Amino acid sequence: MAETNQRSAYGATLLELCREDRNIVVLDADLGGSTMGKMVEQALPEQHIEMGIAEANMASVAGGLSRVGKIPFINSFAVFAAGRAYDQIRQSIAIGKLNVKICGSSAGCSDFGDGATHQAIDDIAYMRAIPHMTVIVPADANEAAAATRFMAANPGTMYLRLNRNSYENITEEGAPFRFNEPTVVREGTDVTVFACGVMVSKALEAAEKLQGRISVRVVNVSTVKPLNREKIMALAGDVRGVVTAEEHSIIGGLGGAVAEALRRQPTPMEFVGVNDEFGSSAHSYDEILNYMGLTADHIAEAVESIYNG
Amino acid sequence: MGYSKELISSLEERAKTLRRDVIECIGVGVAGHVGGSCSAADLLAALYFYKLKYDSKNPEWEGRDYFLLSKGHVAILQYSALAEAGFFPVADLPRCKEVGFYLQGHPHLGTPGIEVGTGSLGQGLSLGLGMALGLKMDGKPNRVYVMVGDGEQDEGQIWEAAMAASAKNADNLCAIIDNNGLQAQGKLTDRLPVEPLAGRWSAFGWNVIEIDGHNMEEIVAALDAAETYKGKPTAIIAHTVKGKGISFAENQVGFHNRALTEDEYRQALAELA
């Protein structure tokens, strides 16, 4: 049976990749047990570097490794991997267009118990703003594995955003990653929902709920940057309007990217995302998603408001 | 110490040339990092014309040593060394900071001989550590040298890198600290003291060598000693004078990044003749 946890799929794929290419190096900042970098650490310790709780140093070290021919993957919770090390990613890595892969694990609100300090709701925005940065938000574990394989095989500075929790796959196991290719996962004719990460599953749930009343197209936009503008325009052009859904602030994330893509094609739009707030601790993932307005019902409501004008 | 007088005096002459290149490049009326360039000029002369292995016609040559200027604001000094070493024409130096030109205000990947971009202080040592670890993984003998400023020691990342480098036994890594005692806004002792540097680097697990950063014989001896020292990375703490070689700029905070007047420009070149 296919893996249903993105972190586990990532770790297992990294280990396979490390076996295939000894130049791949995995770096962790004392969270390898969570990022699943530990799978490499245990099986191939010579291709894993423990950097201690020092994400800034880890990011710059990765830049140096890439300059001597290594392909470093750096792991931590997204708030630390991308947030704490933002300047190092910008200055040490991205300006030089270095071949470094950054994995922001436990992103969004998926680390529900730890609360606001551990919940990355702004990382897509600031990673996306870095010139030439690729930003990938896989929909599920299958796609996380495919994206990891894609990242290892293609040069460039790339950010991979992963969920902490397990949920059912909606993409096919073993399918190659469809880079920069927004993918229709459910056809519909009235409203298009552009979603990424776990919100693709939530959007499918919303489409199901609305079936018979509103025909909803659901599009998995796992490559948030670069964003395939022609495809977005086409998928938004034959419906009444669009909804974006992401486990991220409504400022600067997928919603912003889609709005930028549609700038010459004014389309009624609604954003489902975090409404300029920090997160909170919660006892379950569902609880925090509901609290932050990130459920299928919230998407359905947004679709209805677009549909009804 | 067994170094020939010819070697030492030729390196001293190189250092003087680098300082002259820096002044000619900065010119009159435009701000430039005179002070920190001149404090590090002897160190860079020894690195580029004595210690580092490189092929200026093939900057990406696999056998090269790596030099990173973590105190990237004195890029003009490194550009002067690279130009004098043949990486690109000396005649291009005055075009530094022209829009779109390959000589940017801070080191930029893509300029021949520049290994990484630097400028956000505190990151160069980590970048160098990454190179050192990667080279060790492949069993390669190349060495990595990183010049860091003393004001730069304020940055916490320096100490993250220092801790990690000794933990990983990165003895192919050498940090050279340009200890001129001044930072942008004043004396280190008045702004944010970083002493005792030797004690701190030693406590972080490094082999520490202290030298007069303007004594060429001491510089080359320290670089040689760092290369043969095994088991720990080496920190060379070079005691220097900011603005060294230009009488009116020596030890003057104001010359961190300042424009020269016509008279100052002429006097500086006369003193460096």
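With each label modelled as a point 7 angstrom along the Cα→C-beta vector, the B:Asp263-B:Ala184 pair spans 2.9 nm. Considering only GluC sites (Glu not before Pro) in DSSP loops that have at most 16 other Cβ atoms within 10 Å, the longest stretch of chain A without any of them is A:1-167.
In terms of the mean number of neighbouring beta-carbon atoms within 10 Å, the peptides B:222-230, A:56-64 order highest first as A:56-64, B:222-230.
In this simple spin-label model, placing a label point 7 Å from the Cα along the Cα-to-Cβ direction at both B:Asn58 and A:Val184 gives a separation of 5.4 nm. Here the Gaussian network model covers chain B, with springs between Cα atoms less than 10 Å apart; of B:Asn58, B:Asn180, B:Asn251, B:Asn58 fluctuates the most. Less than 5 angstrom separates the built amide H of A:Gly197 from those of A:Ala139, all sequence-distant by 5 or more or on a different chain. For the stretch B:1-88, the list of chymotrypsin sites (Phe, Trp or Tyr not before Pro) that fall in a loop by DSSP and count at most 16 other C-beta atoms within 10 angstrom reads B:Tyr3, B:Trp61. Inter-chain neighbour count for B:129-141: the average number of beta-carbon atoms from partner chains within 10 Å of each residue's beta-carbon is 6. Given springs between every Cα pair under 10 Å in a Gaussian network model of chain A, which of A:Ile124, A:Ile232, A:Ile53 has the largest fluctuation? Among A:Ile124, A:Ile232, A:Ile53, the largest mean-square fluctuation in the Gaussian network model of chain A belongs to A:Ile53. DSSP finds beta bridges in chain A, and of those with both partners inside it, around 15 percent are antiparallel.
Remark: the stretch A:183-307 carries a charge dipole of roughly 560 debye about the Cα centre, counting +1 on each Lys and Arg Cβ and -1 on each Asp and Glu Cβ.
With a sphere of radius 15 Å drawn around the Cβ of A:Thr267, what net charge do the other residues whose Cβ falls strictly inside it have (Lys, Arg +1; Asp, Glu -1)? Around A:Thr267, the surrounding residues sum to +1.
Summing +1 for each Lys or Arg and -1 for each Asp or Glu, what net charge is found among the other residues whose Cβ lies under 15 Å from the Cβ of A:Gly241? Around A:Gly241, the charge tally is -3. In the context of the full set of protein chains, the stretch B:5-271 has a per residue accessible area of 37 Å² (1.4 Å probe). The relative contact order of the stretch B:18-125 comes to 28 percent, based on Cα pairs under 8 Å that sit 6 or more residues apart. Here the calculated FRET efficiency for B:Glu271 and B:Phe101, from their Cβ-Cβ distance with R0 = 41 Å, stands at 0.90, rounded to the nearest 0.05. Under the simplified labelling scheme, the A:Glu173-A:His132 pair shows an inter-label distance of 3.8 nm, with each label point 7 Å from Cα along Cα→Cβ. Take each residue of peptide B:156-166, count the partner chain Cβ atoms within 10 Å of its Cβ, and average: the result is 4.
Of all DSSP-defined beta bridges confined to the protein assembly as shown, some 15% are antiparallel rather than parallel. Rounded, prolate or oblate: which fits the stretch B:175-273 when a ≥ b ≥ c are the square roots of the eigenvalues of the alpha-carbon gyration tensor, with rounded for a/c under 1.5 and prolate only if a/b beats b/c? The shape class here is oblate. For the stretch B:1-83, trypsin sites (Lys or Arg not before Pro) meeting the loop criterion (DSSP other than H, G, I, E, B) and having at most 13 other Cβ atoms within 10 Å: B:Lys53, B:Lys57.
The values are calculated or read from the model by the stated rules, or taken from the named source; none is laboratory data. Quick caveat: nothing in here was measured; it's all calculated off a predicted structure. Here Cβ is always computed from backbone atoms with ideal geometry, including for glycine, and neighbour counts include all displayed protein chains. Ligands, DNA and RNA are stripped out before the accessible areas are found, and what is left, the full protein with its side chains, is counted by its heavy atoms. Shrake-Rupley method; radii C 1.70, N 1.55, O 1.52, S 1.80 Å.
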